[in-house]
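Participant: Let me begin by handing over the structure; questions about it come next.
The values are calculated or read from the model by the stated rules, or taken from the named source; none is laboratory data. Values in this document were obtained by computation on a predicted structure and should not be read as measured data. A quick note on method: Cβ atoms are made from the backbone with ideal geometry, for glycine too, and the neighbour counts reach across all protein chains shown. Please note that ligands, DNA and RNA were not included when accessible areas were found on the heavy atoms of the full protein model with its side chains. Shrake-Rupley method; radii C 1.70, N 1.55, O 1.52, S 1.80 Å.
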Amino acid sequence: MIKPILHEYAPSGNCYKIRLTAALRGVAMERRGYDIIAGETRTPAFLREVNANGRIPVLQIGDRFLPESNAACFYLADGSPLIPADRFARADMLRWMFFEQYNHEPNIATLRFWMAFVGEDALSELQRAQISGKRAAGEAALALMEDQLARTPYFTGDGLTLADIALYAYTHVAGEGGFDLAAYPAVSAWLARVAATPGYIGILD
C-alpha cells in the first residue's frame, strides 16, 4: 500500500476516526495539518489541489484524493475484520455509519465545536438559536445508541467494526459539547471497550 497522507485538523473527530482506523490496521500515515479556524482549507491552493469542497479530512493516496471521513476509513479497513464478511452485518455497519453522519455528527460534533473551539459568546444569533434543537437531537442519537449497546457489545454485534470507530470519534468527547455521558451507561461501557482495543490511539496522539 502506498503510504497515505492525511490532510487534517487534528482535534476534529472526523480526522481522528481515520487516524484510529489506520492505527488499528497498523498503517503508517503522513499527516498535514490545517487550521480551519483561520480558513486554511478555503484557500485557492487547497481548493484547487486537495478538495474543491474546502473541507477536511482528505486522505491522499499517491496523486488521488479521497474526501469524506467514512469513505477514507473504508479504504483503510478494506479486507480487514473492521468490515464484516457477512453481507447483512456489512450493510448494518454502513447503516450505523450513515446514522453517524446524518443524526449524530451534525448535532453532537457541531455543539462540541461551537462550545469548545468557537465559544458560545462568539456564536452568531442563528447559531445560538440552534443550540437547543441540536442538543435535543444529540440526546436522541445517544438514546438510540444506548438502546443498541444495551443489547450488543458493539454496533453490529460481538466485534468492533468501522461503525464503532465512526461513532466513537465524537461520542467520547461529547462532554465538551455539554452532553452528560454518565446518563448513558451502556454507551459509557462501550467507550471503555473501544479504548481497550489493541492498537488504540487517543484523539491527541
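Participant: Considering only the stretch 45-66, state which residues are over 12 Å from Pro4 (Cβ atoms) and buried (at least 17 other Cβ atoms within 10 Å of the Cβ).
Facilitator: Of everything in the stretch 45-66, those that are over 12 Å from Pro4 (Cβ atoms) and buried (at least 17 other Cβ atoms within 10 Å of the Cβ) turn out to be Phe46, Val50, Asn51, Arg55, Ile56.
Participant: Which pairs have Cβ atoms under 7 Å, sit 6 or more apart or on different chains, and link a residue in the stretch 39-56 that is in contact (Cβ under 8 Å) with a residue 24 or more places away in the chain and under 18 Å from Val118 (Cα atoms) to one that is in a helix (DSSP H, G or I) and open to solvent by 60 Å² or more (accessible area, probe 1.4 Å)?
Facilitator: none
Participant: When you check Arg42 against the structure, is it surrounded by fewer than 19 Cβ atoms within 10 Å (Cβ to Cβ), within 19 Å of Gly202 (Cα to Cα) and at pLDDT 95 or above, yes or no?
Facilitator: For Arg42, the condition - surrounded by fewer than 19 Cβ atoms within 10 Å (Cβ to Cβ), within 19 Å of Gly202 (Cα to Cα) and at pLDDT 95 or above - is not met.
Participant: Oh, and also: Could you run through the stretch 116-149 and say how many residues are closer than 28 Å to Ala22 by Cα and small (Gly, Ala, Ser)?
Facilitator: So the count comes out to 3.
Participant: Here is a check on your reading of the model: is Tyr9 in contact (Cβ under 8 Å) with a residue 40 or more places away in the chain, under 17 Å from the mean Cα position of the chain (by Cα) and open to solvent by 30 Å² or more (accessible area, probe 1.4 Å)?
Facilitator: yes
Participant: In the stretch 99-131, what residues are open to solvent by 20 Å² or more (accessible area, probe 1.4 Å) and among the charged types (D, E, K, R)?
Facilitator: Those that are open to solvent by 20 Å² or more (accessible area, probe 1.4 Å) and among the charged types (D, E, K, R): Glu105, Glu120, Asp121, Glu125, Arg128.
Participant: Residues in the stretch 58-68: is at least one under 12 Å from Tyr9 (Cβ atoms) and of a type outside the set (A, V, I, L, M, F, W, C)?
Facilitator: No, there is no match, as no residue in the stretch 58-68 is under 12 Å from Tyr9 (Cβ atoms) and of a type outside the set (A, V, I, L, M, F, W, C).
Participant: Then there is this: Go through (1) in a helix (DSSP H, G or I); (2) open to solvent by less than 50 Å² (accessible area, probe 1.4 Å) one by one and return the number of the condition Gly159 breaks.
Facilitator: Gly159 satisfies all of (1) in a helix (DSSP H, G or I); (2) open to solvent by less than 50 Å² (accessible area, probe 1.4 Å) except (1).
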